[in-house]
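See structure below.
All of the numbers you see were taken from the coordinates with simple rules; none came from a lab. In this text, all values refer to a predicted model and were calculated from it rather than measured experimentally. Here the Cβ is made from the backbone with ideal geometry for all residues, glycine too, and neighbour counts use every protein chain on show.
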């Protein structure tokens, strides 16, 4: 990392998993190059623990840990997401219904503050600063080392797909699959739980479990076959554990659907290695962004919204009536504790251990001159006492932003980690983008 004065941002290298926006100034300041922080420092199979630098991708971690029968408890679904990005951007996945997000599996961080001071923070020492790094989006300091827990993982994942035509039955089955005991451990047979909604009357609950052996050949979704489509027609499936973790990567969820030939088998055979996969697709999308931006009034909606489970039905009715965009990815999520960075509008409505539902809205067209779907989604989530990721367009004014996020907690961490304001304020970086 080179040191220089003036405002700065973290340049990690690789692709950014944020939505490119017209007039976006998030990366306009002086870069602090962290692209060399890409080493796995230690994997302890006995203690089931890993220590690594923030630029290591989850693909690299999985390939190092699976031969040991281990994996991170939360593996974000795109191969190029890094450990640091998962902390700063609040990554979750199909074990989040009982472990929380990736940050909740972390034990400690090394952070270089904006003034160059090195801070060692953990759940037991420097807890406030440790918690503040979660969801800080590179505005407090530079993560340089992460220690996190691993969990046992088999060679394969057996999938069971339960299909529903009624959302109430789907919701009940989803909640039943997420039951935990008094110790917070899963009760059911499937530790991997999520859902994908293909239409309001075509809902699939996806239940997975690790196994060491399989009597059938595992499915391959890296080239010709399309994972998200398979969930609508199959009742069961088997994948290697790595394939399961990155099952959405080939299409970058369903980004390929925006260019229909990319879902044709002969095209995928011909250009797959050069075009398919999240890194290829995001890089291509970013290169085309200026051209697409001139043709579009606004970028498509890409956002994860977190709704308290008790408001599921309200959100569903609103979404079907006002949004009506499919597929919709549904991930149950349980906060082990109420995050200190949640503000006064959100925190009082959530208790430790409550189940939240992440509705992942990826790629909804937003081209109407009469209405802005991105803004409407944000308003509805606020009304329901939920929150959202900040990777795309945000419409909060400063007052509302600090109702969703905890200003005193953030400012206290900022005063210690970045006393000179080297990095932008969270709102200034990610707040109102019109």
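Here, region 324-402 yields an orientationally averaged convex hull projection of 6.0 nm² when only Cα atoms define the hull. When a/c reaches 1.5 or more, the comparison of a/b and b/c decides; with that in mind, is region 145-214 rounded, prolate or oblate per its Cα gyration tensor? Cα axes put region 145-214 in the prolate bin. Counting every pair of alpha carbons in region 44-99, the share spaced more than 19 Å apart comes to 25 percent. Look at the alpha carbon pairs under 8 Å that are at least 6 residues apart: their mean separation over the length of region 79-126 gives a relative contact order of 22 percent.
Compute the semi-axes of the equivalent ellipsoid of region 51-172, taking the square root of 5 times each eigenvalue of the Cα gyration tensor, and list them largest first in whole Å.
30, 18, 12
Between residue 35 and residue 258, the contour length at 0.36 nm per residue exceeds the Cα-Cα span by 77.2 nm. When peptides 171-184, 390-403, 142-155 are ranked by their average number of other Cβ atoms within 10 Å per residue, the highest-first order is 142-155, 390-403, 171-184. The mean sequence distance of close C-alpha pairs (under 8 Å, at least 6 residues apart), as a share of the length of the chain, puts its relative contact order at 18 percent. Assign one of three labels to region 303-434, namely rounded, prolate or oblate, based on the Cα gyration tensor with a ≥ b ≥ c the square roots of its eigenvalues; rounded applies when a/c is under 1.5, prolate when it is not and a/b is larger than b/c, and oblate otherwise. Cα axes put region 303-434 in the oblate bin.
How big is Rg to Rh over region 172-213, alpha-carbon atoms, Rh as the Kirkwood inverse-mean-distance radius? Value, to two decimals: 1.06. What the Cα convex hull of the chain gives, in volume per residue, is 142 Å³. For region 297-434, averaging the sequence separation of C-alpha pairs within contact (under 8 Å, six or more residues apart) and dividing by the residue count gives a relative contact order of 34 percent. Once you have a ≥ b ≥ c as the square roots of the Cα gyration tensor eigenvalues for region 235-364, tell me rounded if a/c is under 1.5, and otherwise prolate or oblate according to whether a/b is larger than b/c. Taking the square roots of the gyration eigenvalues as a ≥ b ≥ c, region 235-364 is prolate.
Kindly provide log₁₀ I(q)/I(0) values, in the same order as q = 0.10, 0.15 Å⁻¹, from the Debye equation applied to equal alpha-carbon scatterers of region 165-271. Here log10 of I(q) over I(0) equals -0.36, -0.76.
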